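Engineer: This structure is in structure tokens; I'll ask about it shortly.
Since every read-out is calculated from the coordinates, none of them should be taken as a lab result. These numbers come from a predicted model, not from an experiment. No Cβ is skipped: glycine too gets one built from the backbone with ideal geometry, and neighbour counts run over all protein chains shown.
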Amino acid sequence: MNIFRLAGDMTHLASVLVLLLKIHTIKSCAGVSLRTQELYAIVFATRYLDIFTSFVSVYNTFMKLVFLGSSFSIVWYMRYHKAVHRTYDREQDTFRHWFLVLPCLVLALLIHEKFTFLEVLWTFSLYLEAVAILPQLVLLQRTRNIDNLTGQYIFLLGGYRGLYILNWIYRYFTEPHFVHWITWIAGLVQTLLYADFFYYYFLRFIGGRGVE
Amino acid sequence: KDDAAAHDEL
């Protein structure tokens, strides 16, 4: 564990907590894409299958449970909780996210580190996470103005993988044989997809107004 | 670290 990865995990945790805070306290999911949340639930479900087979650390297992629990409960809230579901913008959240799942699965079957069930699903979760934010970014452009909590959520979610990139650079130089091209490229693509959001986020942030 | 536990990241 290094400071970059810890910062990345804490940023990721913060993004989840901000979203849960918004949904649970003000009972609103305005501006939040249910489709992105569904993709993230699939990402964690396929990435953390090894939670039962390989134990890395208490921290690792605890965080996996947090991310699994939060992503599924956010989907449940947005789908079935009456008050929250009412604030879900179904008409605008129309990105065909299921069209993302199949290509990621095919790509994982073609490009992976090991051809085993767990490894292919793990690789699939990497590819899917890289594009999971797309429905949210599309929804963002359609709804133009979003509230600060949603803006913070997206900023933190985009930032965590950026910090992971620093972690990979650090591990590459400090650990022999630490080379994971698939993870690195997927992480880079994922972070680059946030580029224009970051641009507008900092513009607004510096201007001290909400994210538009 | 053997490959099986290669995924030590979240």
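Engineer: Assign unit charges at the C-beta atoms only (+1 for Lys and Arg, -1 for Asp and Glu), then state the dipole size of the range A:71-143 relative to its Cα centre in Debye, rounded to the nearest 20.
Structural biologist: My answer is approximately 340 debye.
Engineer: 222 nm [θ] for chain A, helices only, -39500 (n - 2.57) per DSSP H run of 4+, per residue, to 500?
Structural biologist: After summing the helix terms and dividing by residue count, I get -24000 deg cm²/dmol.
Engineer: Now, a different point. Rounded to the nearest 20 debye, what is the charge dipole size of the protein assembly as shown about its Cα centre when +1 sits on each Lys and Arg Cβ and -1 on each Asp and Glu Cβ? Don't jump to the answer; show the numbers that get you there.
Structural biologist: Details: 19 positive and 17 negative charges, 167 e Å.
Computed charge dipole of the protein assembly as shown: roughly 800 debye.
Engineer: Also, I was wondering about something else. If exposed trypsin sites (Lys or Arg not before Pro) are those in a DSSP loop with at most 15 other Cβ within 10 Å, what is the longest stretch of chain A that has none?
Structural biologist: The segment A:145-208 is the longest one with no such site.
Engineer: While we're on this one: Can you pull a Stokes-Einstein diffusion coefficient for the range A:69-180 at 25 °C (0.890 mPa s), Rh from Kirkwood over Cα pairs, as a whole number of µm²/s? Numbers along the way, then the final one.
Structural biologist: Values: Rh = 16.7 Å.
The diffusion coefficient I find is 147 µm²/s.
Engineer: Taking 37 °C and 0.692 mPa s as the conditions, I'd like the Stokes-Einstein D for the range A:74-125 in µm²/s, using the Kirkwood hydrodynamic radius from alpha carbon pairs.
Structural biologist: Rounded, D is 246 µm²/s.
Engineer: If you don't mind, another one. Restricting things to alpha carbons, find the Rg to Rh ratio for chain A using the Kirkwood radius for Rh.
Structural biologist: Ratio value, two decimals: 0.96.
Engineer: Could you give the length gained by full extension between A:Leu20 and A:Gln92, i.e. 0.36 nm per residue of separation minus their alpha carbon distance, to one decimal place?
Structural biologist: 23.8 nm
Engineer: Enter the angle in degrees (range 0 to 90, nearest 10) between the Cα long axis of helix A:58-80 and the first principal axis of the Cα atoms of chain A, meaning the one along which they spread out most.
Structural biologist: So the helix axis and the longest Cα principal axis differ by about 30 degrees.
Engineer: Using only the Cα atoms of the range A:11-74, what do you get for the radius of gyration and for Dmax, in Å?
Structural biologist: 12.7, 38
Engineer: Can you pull out the GluC sites (Glu not before Pro) in the range A:82-143 whose DSSP state is coil and whose Cβ has at most 14 other Cβ atoms within 10 Å?
Structural biologist: A:Glu91
Engineer: Go through the range A:144-161 residue by residue and turn each phi into a ³J(HN,Hα) via Karplus (6.51, -1.76, 1.60, θ = phi - 60°); whole Hz please, and just put x for glycine and proline.
Structural biologist: Running phi through 6.51 cos²θ - 1.76 cosθ + 1.60 with θ = phi - 60° gives 6, 7, 10, 6, 4, 4, 5, x, 5, 4, 5, 4, 5, 5, x, x, 4, 6 Hz.
Engineer: Find, among the chymotrypsin sites (Phe, Trp or Tyr not before Pro) in the range A:1-88, those assigned to loop by DSSP (not H, G, I, E, B) with at most 16 other beta-carbon atoms within 10 angstrom.
Structural biologist: Numbers: sites: A:Phe4, A:Tyr40, A:Phe44, A:Tyr48, A:Phe52, A:Phe55, A:Tyr59, A:Phe62, A:Phe67, A:Phe72, A:Trp76, A:Tyr77, A:Tyr80, A:Tyr88; in loops: A:Phe52, A:Phe55, A:Tyr88.
Counting only loop positions with at most 16 other Cβ atoms within 10 Å, the chymotrypsin sites (Phe, Trp or Tyr not before Pro) in the range A:1-88 are A:Phe52, A:Phe55.
Engineer: What list of ³J(HN,Hα) couplings, whole Hz, do you get for the range A:40-51 from phi and the Karplus terms 6.51, -1.76, 1.60, once you set θ to phi - 60° and write x for glycine and proline?
Structural biologist: For the range A:40-51, the Karplus-derived couplings read 5, 5, 5, 4, 6, 5, 8, 7, 9, 4, 6, 4 Hz, x marking Gly and Pro.
Engineer: I've got another one for you. Between A:His85 and A:Ala195, what is the spin-label point distance in nm, taking each point 7 Å from the Cα along the Cα→C-beta axis?
Structural biologist: Once both label points are built, they end up 4.0 nm from each other.
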